[in-house]
Structures are given as structure tokens and as C-alpha cells.
Amino acid sequence: MTMSNTVNKIRHSLMFMVMLFIWLVLAMVYFDRSVPPFDSLIRWLMPWKALRTIPAEAELQERVSIMQGLLEASDKVADVAFIVVVVSFALFSAYMTFVYQQRQRRVHENQLLLIKNREIARRNEFIRYISATIAHEFKNNLGRIKRRLDLLTDLPEDVRARINNNMDKLFADIDIYKKISDEREAALVDFSKVNLREMLVQLAEQHSDLADITFQGKMPPPTIFASPTLLRTVFENIIDNAIKYKKPEQSRARILLSCSLDMDGRRRYVSLSFKDEGIGMDEQQADRCFYKGKRTKQGWGEGLYFAKYVIGLHAGKIRVGKEYTAPGRGTEIIINLPYVEESLDV
């Protein structure tokens, strides 16, 4: 509670107590009697009584006349007191109503500001995720280029040194980009029809010099409603992880991709499975790989952390297939995406 609120509460309380005292005084005047301990106020509250005293030697007619004058004066003052009570009560009620409405308006404005601040905080958090992920993807792409350059065994050492120097500068520029990036959510989360099969085939061709990606099963990946940019980034992260963490004796990564339609309650999901034959991970690593700051020694975590966030934006799920995943055997990443193609043209 602020000092201003405390002062306002004290002021309203004092005003209410003053009004109660005034109404009590007016009530005593109206009923032509005082209430203890206000007996001493009679001469100020009811002065007409002191002005119209009845002499001891007065005749009956004179006494009746004086008492009639006292009664008429009391009636007039009582009428005035009643009108003052009604008018003051109405004004006080109107004032308290105005104060209450003002307070409710401020409360409503504060609630709106709180909601706006939460929305701004959510958008800022999303921008932070996107900025970090774009930088992460730049680094991944540079890493792919570097790995491809390593395949060129006849590259002169001075050329290789210059290329490495240029890459170091690019990595430094990426770190700066992470601090000044101002991308907005609306441009990044643009949902539309996405042909999963076409996207995955393009990714397989893009990585064909570093990985063997094969499709298993009769069910082809369907068309769904999603963000093409973000979803492609998720798939690239998974494929790139399979390439980076292949077994040392493997010259190329091997990835097996399968698709199926599953039910989760009343909702249909497209289930995509990415199985590689790399170094794999144990159960503890599988539980931690999607959480930021919990990355393993091999580096799992940042890309999959973003993947989990993106799949969450699509109302989907991502997990490690623990039935297949094991050290020395490989890793399986399973993605469930809502299948809503039938409602796109409604």
C-alpha cells in the first residue's frame, strides 16, 4: 500500500466520522431532545427554548401561547434539520459513489496495464528465444560449412587459415546480432499449409553429402497447418544433431525417418520419428536434453530446447524415444503435431 492510498483512506474515514456527528446533531434537533453526553449542547442546538422561558407568574393563556410558539419553532427547525440530513446524505452518497467509481476505474486500468505488461513480457521472451535460435542456426550452418571444408584434404593451409579467421569473425558478429536483434513474433509465426513430405525430402537432399536419410513405412508425411520457417528449423536441428553426434567410425550419419497418424484423446496427431545410429544418450541425458542450462557434455540442449518451444507453439509434443535411445545405439526424437488439414478450407 502506497502513502497516497493511506492518506486517502484516513481522509475518507475522518470525513465519514464528521458526517456521522453532524447527522447525530441534526437528529437531536429533529426529535427536539438531546442524547447523553450532549445535554450541555441544548442551549446551542435549541436556542429557541432559552429565548422563550415561561415566567412563574404567567397566566394559563400566556403559558399556552409561549408553549405554542416553542412547538412551532421546533417544527420549523425539525423540518430544516430533516431537509439538511436528506440533502447531505444524498451529497455524501454521490461523493462516495464517485470515489468508488474512480477507484474501480483505477483498478481496471491497473489490470489492463498488468495484462499489457504480461503480453509485452511474453513477446520479449519470444524475441529472446528467436534471437538466440537464429544465432544458433547461423552457427550450425557455419559448422556445416566448416565440416564440408574439412573434407577438402587438398586445401592449402594458408587458405584454410584465412577461412577459419573469417569464420571466427562471423561467430563474433553472430554474438553481436544476438544482442541487437529486433525480430517480431508476427513475422516469424506465420501459420500456413505445410507439405511435410516435401519439406523433409528437401532437407534430405540438402544434407545428402553428410547423412543418409531414408524414409520408412507406407504412411507418407501429410500436409498440416504450421509455421514453415520454425518447423524447418526444428527438423534441421534434429538432423544436424545426428550429424554432429555420429559415431567416430562412421563417415556419414544414418537417419531413419518414419511417420504415422496417432490419436490422443479426441485429437489426431502426426507422429514423426527421427532415428539415428550415433553415439546415443543415456536415460538421464534423455530427461535433460530439452531443458536450457541442462545440456550434456556433448552439447545437447540449446537446439532441442528451442525445438520444444516451437513444437509447443504448434500445440504439439516432442520427446526422446527411450525404447530405442541408448548409448552406443543411437537416438530417437519423436514429434507429435496436430493434424488439422481438414479444417483449413472451412
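The figures follow:
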item: Boolean, residue 157 is surrounded by 12 or more Cβ atoms within 10 Å (Cβ to Cβ) and acidic (Asp, Glu); result: no
item: Qualifying residue in the range 162-181 (condition: at pLDDT 70 or above, out of contact with any Ser or Thr (no Cβ under 7 Å at 6 or more places or on another chain) and assigned to a loop (DSSP other than H, G, I, E, B)); result: no
item: Those residues of the range 299-317 which are at pLDDT below 80 and either assigned to a helix (DSSP H, G or I) or within 24 Å of residue 262 (Cβ to Cβ) (or both), in sequence order; result: 302, 303
item: Filter result (under 28 Å from residue 303 (Cα atoms) and either part of a helix (DSSP H, G or I) or not aliphatic (A, V, I, L, M) (or both)) within the range 140-159; result: 140, 141, 142, 143, 144, 145, 146, 147, 148, 149, 150
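Residue-by-condition table, conditions (1) at pLDDT 80 or above; (2) closer than 21 Å to residue 25 by Cα; (3) not β-branched (Val, Ile, Thr):
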residue	(1), (2), (3)
86	yes, yes, no
89	yes, yes, yes
105	yes, no, yes
114	no, no, yes
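The values are calculated or read from the model by the stated rules, or taken from the named source; none is laboratory data. Keep in mind it's a predicted model, so treat the numbers as computed, not measured. A quick note on method: Cβ atoms are made from the backbone with ideal geometry, for glycine too, and the neighbour counts reach across all protein chains shown.
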